Amino acid sequence: MNGGSFYPVSYSDTLIAFPSRRRAASASKGQPVLKFILRRIGASALVLLGASFLMFILTVNSGDPLQDLRESNDPNRDQLMAERTERMRLDDSDWERYWDWLSGVGGCFTGSCDLGVTINGIDVLNLTQQAASSTLRLITLSTLLAIVVGVALGIMTAIRQYSGFDYAVTFSAFLFFSLPVFWAATLLKEYAAIQYNNWIAVGQYAPWTIVIAALLAGFLLQAVLGGSARRRLVTGAATFGFVAVLLFAFNALDWWRNPMFGIAGVLVVSAAAGVLVTALVAGLRNRRALYAALTTVVVGVIAYWFTAPLLVNEPSWLLLIGLFVVSLVVSVAIGAAWGGYARKDSMLVTGITGVITSIMVVADVLMAHWNSFLGVKSRPISTIGSQTPNFNGEFWERVLDMGTQILLPTILLTLVSVATHSRYTRSSMLETLNQDYVRTARSKGLSEREVIVKHAFRNALIPITTIVAFDFAALIGGAIITEQVFGWKGMGALFQDGLRAVDPAPVMAFFLVTGIAAVLMNLLADIAYAALDPRIRR
Amino acid sequence: MKIRRLSAAVAVAASGALLFSACTSPAGNDDPADGESTATSAAASGPCKADLGDVETADGEIKMSIEDEFLSYNGLTPEAYSVYNSAVVDQLFGNFYYFGTDGTICTDENYGTYEAISEDPLQVQYTLNDEAAWSDGTPVTYADYMLDWAARAITEDGKVTDDGSETPLFNHIDGLSLGDYVPEGPQADSPDAKSFTYDYERVYADWKIHAYPPLPAHVVAEQAGVSTEELVTAIQELDMDVLKDAAEFWNKGWLSKPGEVPDPAIAPVTGPYDFKADGWESGQYITLEANSEYWGTPAATKELTFRFIGADAQIQALANGDLDVIQPSGPTVDTTTQLEQLGDAVNVDTNQNLTWEHLDYNFNSGIFADSLEAREAFAHCVPRQKIVDDLIKPIAPEAVIMNAREVFPFQDNYEDVVSASYDGRYDEVDLDAAKEKFEAAGLKEGEKVRIGYAAPNPRRAAEVEAIKSSCDQVGFEIIDSASPDFFDKDLPNGDYEVALFAWAGSGQIASGENIYSTPGTQNYGGYSDETVDEAWKTLSSSTDEAVHAEQLPIIEKQLWDTLYGIPLFAHPGVIASSSNLVNVHNSAAQTGVLWNAEQWAANTAS
């Protein structure tokens, strides 16, 4: 079908593309990287300048800033209109107003930034800082999640091309990609917030829900893992049994209202993660890496045992960040100590394992506080806002509150980005897998893991870097609707409110931030290229 | 093929989920049983606030939605003046009067009393409650009203305004109107007097709503570096050295940095609520807490939180308990349907408010300018009943055709005014009469009629469509000439035959003079009629309610007979509140549901 045309086209493409890329690379060889970056920044600044003028003119001509007053029947309407005309300088030419704005922005270089004031006389610089921090908070997590999940899904679907799993992911990717955000938000609010909150008040599954959930899990897992019919059946049945028993146990323990994980849970899950990471990165045959990963987990859990009182009794962000850094340093050191001939691999394995163990530790502490959190906030998942007004819980309850508030918009943004990321990764991975050097790698007897992780995946990442960088820049602007439906006042609201009032200052501030983000991300993508692609580095 | 079938099935399932979600929004509150008997508690018998007896502030928080950020403690500057800013500051300041649920002027005797001690020349005496005080302990006095007068009277050049058209020193939304009518300023014996009089230079029909809640003179004086007495003297003597500093602070000093609650030292309050320390998160919410120094009936609930949320997100937030009271702007049929689906968990209150929609003829040019028959022909074919039935009743079932301009269907004197001015001839479409008049006017088949309004506006587009399908049968050719800059270009240029828009009622008695008399500043169509002019003059130069009641039907009748335009309907309003709350009622006035916010309380009966 349509995917089949990949073979010949990509093959011939590569033949032509290689020499030309070489030429480009060698042409830039004589220029230092700094010069390249400076030239790029210079060109981007010019583009931004031109675009800012266009944007300004479009904004001030997009409507009538006096509209609300024209329809008013206030006796001193004319006076109000004159006042606003003077305040917003509506009688001056667009040129003058633009110049004024530009000189204000120019002040940023001399330390006296002035982005103007809104129609309500509020300082836009301050407003932009608040909006940008709110938007960044909203999109950072979803972007990270989308990259991890999207790339992983893309690789899995590429490896298992034309399987049921591939079709299912492809279909859902298209479904989520074409989903109108406001509608998906409405559904999410309905089921993940309102219905969930109704349910968590009791926190018990009905028996038939358990059966259906277990069936679904069994079906999904066998589709992902694949294999012969017999193997699929066994996978499915085992998963069904496991999930059903687990859910009944949760019911019996009232787990959803009193979740617990415990130090043993941290140990088991982190160890499993460690093994998985080793298998992916270094291969299980590399015993040193495996032992290094397991040592990291054990050290992490022992450290948890000693720091737990601190975490529960005197938590702070500083403590969390400090512990995280320490755990990262210690894990990498463990990797280096165990390393041997493959020290780099080993350090990577322990580093990742260390991060996962830290996350598990935090998850355990959070779970332990879930019940008291429910006591403070009986309907945990909110449909609006970035925080519960006047929420006064302890540190961990506040963290949970922030988490439950950010949950729905994050899910939504992630779904949409995962769709694109998985598609790009899939096609890029497929293309790489069909390259000659992959075939060579296979024929010289490398394990499939090594072929995929070391030879194919790394090369497949190159085009994805660009997409991810652009996506991040676009998300800042693209979160307008998400922000609006979930009541986050971020960059989107800044833009929208400004445009509605035909008020150029906030619109231009939005433009500046998104424009600069796009330029920077693009630059970052170019630099990342150099790191990923040895041909460019040379 | 297999894939296609599967995806089609999932697509159907997905769209089914949409429909499903639309019909089954359940209520957020767990116990529907206690949502029944809320209406009984203190139902107001009239348009004014009910007397709740002894109220003790109960702990708790009520979350209300407003659609935009709080801006400033001083909501009287044009920058900060918005419906949403007023929603917050209205809770902070007491005043001599407030608007009841149908726009009636109600007095607040907690705060003070006022009366006209002489009708002509008009003299109004205000007497503040002896206990009335700012939350920092300073009594509310004559000095505060002196500052209020200064802000509405003194020009940039340091004079008292002559005709209200000069550039003012203070940036007040009301301009210089008070100085225009009361050039001498309020009169009292001493700066700390509790009673003072306004001596009007000429009669002002709307004297009852001339007092704004004052801003604290003692704070402004301190900021200008003088004592309160010195500030009062400076105002009396027009000492610009002091006044410039005072105005500078008045204009800019109270504008808040988003998220920073105003310092209590410069922002004392006189209302039932006060700012809560750290209670403002920029872009998210602002919380007010009961003013512990309030001398009157205290707020029923300790905390009132305004969350800044757009209209589309409000209903689900109400269902999830993130909000307790909502008032979505621009309610549509969907709003009411979705709210109804929440069942017993919420109380929904629809009404008609003081904004009304109308069709106005262009008297400056075009086919309607000189021909009464042409106007009558058009009036006969406009399907007013159908427009109300199709577009308004689904939102607010009590909606009716509006047959007057200065009174609203839900007001007491509506029946009297309408029966004296209009016989109901344009209620239903009468195509035969329309055709007759059409011919009498000498119009030819295919006569173009441009109906102008500010786009985009789906409801007005639907109205024009309804008019087109009816009036085209008469021989008109209706053209929908909506444009985004209708008020900016088409209306002043006269590029329309009929203008379709709404006036927001201000509660003033004489504000219509600007619209219907010659040459009123808002008489866009250029209508002119001697009878109407004279009646307005009589009305606006009298404070006698009997005179008002006598002149109003004269004006309305003449406007109907000469067909200034065709009133259509009062805009519908929808509010909803959690059924756990009592005393939440809708109001037609601009304050909306918030008109009695300090009376809202959790239902303790169940």
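Return the residue satisfying two criteria in turn: it lies in segment B:535-545 and is at pLDDT below 90 and out of contact with any Asp or Glu (no Cβ under 8 Å at 6 or more places or on another chain), and of such residues it is least open to solvent (accessible area, probe 1.4 Å). That would be B:S542.
Conditions tested, residue by residue: (1) within 30 Å of A:S163 (Cα to Cα); (2) surrounded by fewer than 15 Cβ atoms within 10 Å (Cβ to Cβ); (3) of a type in the set (V, I, T).
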residue: A:S178; (1), (2), (3): yes, yes, no
residue: A:V181; (1), (2), (3): yes, no, yes
residue: A:T186; (1), (2), (3): no, no, yes
residue: A:E190; (1), (2), (3): no, no, no
residue: A:A206; (1), (2), (3): no, yes, no
residue: A:V211; (1), (2), (3): yes, no, yes
residue: A:A214; (1), (2), (3): yes, no, no
residue: A:G218; (1), (2), (3): yes, no, no
residue: A:G227; (1), (2), (3): yes, yes, no
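You will find that of B:R375, B:R460, the residue that is open to solvent by less than 30 Å² (accessible area, probe 1.4 Å), charged (D, E, K, R), touching a Leu at 6+ places or on another chain (Cβ under 6 Å) and farther than 24 Å from B:T335 by Cβ is B:R375 and no other.
Condition check ((1) part of a loop (DSSP other than H, G, I, E, B); (2) surrounded by fewer than 19 Cβ atoms within 10 Å (Cβ to Cβ)) across all residues:
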| site | (1), (2) |
| --- | --- |
| B:I515 | no, no |
| B:T521 | yes, yes |
| B:G525 | yes, no |
| B:D533 | no, yes |
| B:A549 | no, yes |
| B:P553 | no, no |
| B:E556 | no, no |
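Checked across segment B:398-410, the condition of being open to solvent by 20 Å² or more (accessible area, probe 1.4 Å) and farther than 17 Å from B:A570 by Cα holds for no residue.
Inside segment B:41-143, counting only strands (runs of 3 or more DSSP E) that do not spill past its ends, which hold 3 or more residues that are within 14 Å of chain A (Cβ to nearest Cβ) and over 30 Å from B:G321 (Cβ atoms)?
none
Look at (1) within 14 Å of chain B (Cβ to nearest Cβ); (2) out of contact with any Ser or Thr (no Cβ under 9 Å at 6 or more places or on another chain) and you find that A:I381 fails only one, number (2). Of A:T143, A:T135, all but one fail to be under 16 Å from A:T420 (Cβ atoms) and in contact (Cβ under 8 Å) with a residue 40 or more places away in the chain; the exception is A:T143. Return yes when A:A193 is within 21 Å of A:F373 (Cα to Cα), assigned to a helix (DSSP H, G or I) and within 31 Å of the chain's Cα centre (by Cα) and no when it is not. Yes: the conditions hold for A:A193.
Restricting attention to segment B:574-606 and to residues that are part of a helix (DSSP H, G or I) and in contact with a strand residue (DSSP E or B) (Cβ under 8 Å, 6 or more places away or on another chain), the residue that is modelled with the lowest pLDDT turns out to be B:G592.
So which residues in segment B:483-501 are more than 14 Å from chain A (Cβ to nearest Cβ) and open to solvent by 40 Å² or more (accessible area, probe 1.4 Å), if there are any at all?
Initial filter on segment B:483-501 (more than 14 Å from chain A (Cβ to nearest Cβ)): B:494-498.
The one that is more than 14 Å from chain A (Cβ to nearest Cβ) and open to solvent by 40 Å² or more (accessible area, probe 1.4 Å): B:D495.
A single entry from A:A293, A:A271, A:A303, A:A282 fulfils the requirement of being open to solvent by less than 20 Å² (accessible area, probe 1.4 Å), modelled with pLDDT of 90 or more and hydrophobic (A, V, I, L, M, F, W, C): A:A293.
Between B:A420, B:A504, the distinction of being over 12 Å from B:F378 (Cβ atoms), within 14 Å of chain A (Cβ to nearest Cβ), open to solvent by 10 Å² or more (accessible area, probe 1.4 Å) and not β-branched (V, I, T) belongs to B:A504 only.
Annotation note: of A:L318, A:L294, the sole residue that is more than 30 Å from A:F457 (Cα to Cα) and in a helix (DSSP H, G or I) is A:L318.
Would you confirm whether any residue within segment A:458-476 is free of Cβ contacts under 8 Å to residues at least 12 places away in the same chain and open to solvent by 40 Å² or more (accessible area, probe 1.4 Å)? Explain how you work it out, then say what you get.
Here is the first cut: in segment A:458-476, the residues free of Cβ contacts under 8 Å to residues at least 12 places away in the same chain are none.
Scanning segment A:458-476, I find no residue that is free of Cβ contacts under 8 Å to residues at least 12 places away in the same chain and open to solvent by 40 Å² or more (accessible area, probe 1.4 Å), so the answer is no.
Whether a residue is within 29 Å of the chain's Cα centre (by Cα) and either within 14 Å of chain A (Cβ to nearest Cβ) or not in a loop (DSSP other than H, G, I, E, B) (or both) was assessed, and B:A247 passes this test. The helices (runs of 4 or more DSSP H) found wholly in segment B:367-440 and carrying at least 2 residues that are touching a Pro at 6+ places or on another chain (Cβ under 8 Å) occupy B:414-421. Of the residues making up segment A:114-123, those that are within 11 Å of another protein chain (Cβ to nearest Cβ) and either in a loop (DSSP other than H, G, I, E, B) or within 20 Å of A:L48 (Cβ to Cβ) (or both) number 5. If you check A:E96, A:E86, A:E71 for being in contact with a strand residue (DSSP E or B) (Cβ under 7 Å, 6 or more places away or on another chain) and free of Cβ contacts under 8 Å to residues at least 24 places away in the same chain, only one passes: A:E71.
Within segment B:259-275, restricting attention to residues that are crowded, with 19+ Cβ neighbours inside 10 Å and either within 11 Å of chain A (Cβ to nearest Cβ) or among the small types (G, A, S) (or both), the residue that is farthest from A:N126 (Cα to Cα) is B:G271.
Among the residues that make up segment A:373-395, is at least one of them acidic (D, E) and part of a helix (DSSP H, G or I)? Show your work before the answer.
Initial filter on segment A:373-395 (acidic (D, E)): A:394.
Checking which are part of a helix (DSSP H, G or I) leaves us with none.
No, the conditions are met nowhere in segment A:373-395.
Listed conditions (1) part of a helix (DSSP H, G or I); (2) hydrophobic (A, V, I, L, M, F, W, C); (3) within 22 Å of A:S417 (Cα to Cα) are all met by A:L179, apart from (1).
If you scan segment A:221-236, which residues turn out to be under 34 Å from the mean Cα position of the chain (by Cα) and either farther than 28 Å from A:G154 by Cβ or assigned to a helix (DSSP H, G or I) (or both)? Show your work before the answer.
The first filter runs over segment A:221-236 and keeps only residues under 34 Å from the mean Cα position of the chain (by Cα), leaving A:221-227, A:232, A:235-236.
A:L221, A:Q222, A:A223, A:V224, A:L225, A:R232, A:T235, A:G236, listed by residue number.
Taking the criterion of being under 19 Å from A:A51 (Cα atoms), of a type in the set (D, E, K, R) and surrounded by 12 or more Cβ atoms within 10 Å (Cβ to Cβ), the residues of segment A:87-113 that qualify are A:D94, A:R97, A:D100. Residue check: A:N258 meets all listed conditions (1) touching a helix residue (DSSP H, G or I) at 6+ places or on another chain (Cβ under 6 Å); (2) part of a helix (DSSP H, G or I) but one, namely (2). Of the residues that make up segment A:129-138, is at least one surrounded by fewer than 14 Cβ atoms within 10 Å (Cβ to Cβ) and either farther than 30 Å from B:N74 by Cα or more than 14 Å from every other protein chain (Cβ to nearest Cβ) (or both)? No, the conditions are met nowhere in segment A:129-138.
Of all residues in segment B:172-189, exactly one satisfies the criterion of being open to solvent by 30 Å² or more (accessible area, probe 1.4 Å), part of a loop (DSSP other than H, G, I, E, B) and modelled with pLDDT under 90, namely B:D189. Could you tell me whether A:D166 is within 10 Å of another protein chain (Cβ to nearest Cβ) and not aliphatic (A, V, I, L, M)? Here the answer is no, as A:D166 does not meet what is asked.
The values are calculated or read from the model by the stated rules, or taken from the named source; none is laboratory data. Here the structure is a predicted model, which means the values were calculated and not measured. Methodologically, a virtual Cβ is constructed for each residue, glycine included, from the backbone with ideal geometry; neighbour enumeration extends over all protein chains shown. Quick note on the areas: whole protein, heavy atoms, side chains included, nothing else; ligands and nucleic acids left out. Shrake-Rupley method; radii C 1.70, N 1.55, O 1.52, S 1.80 Å.
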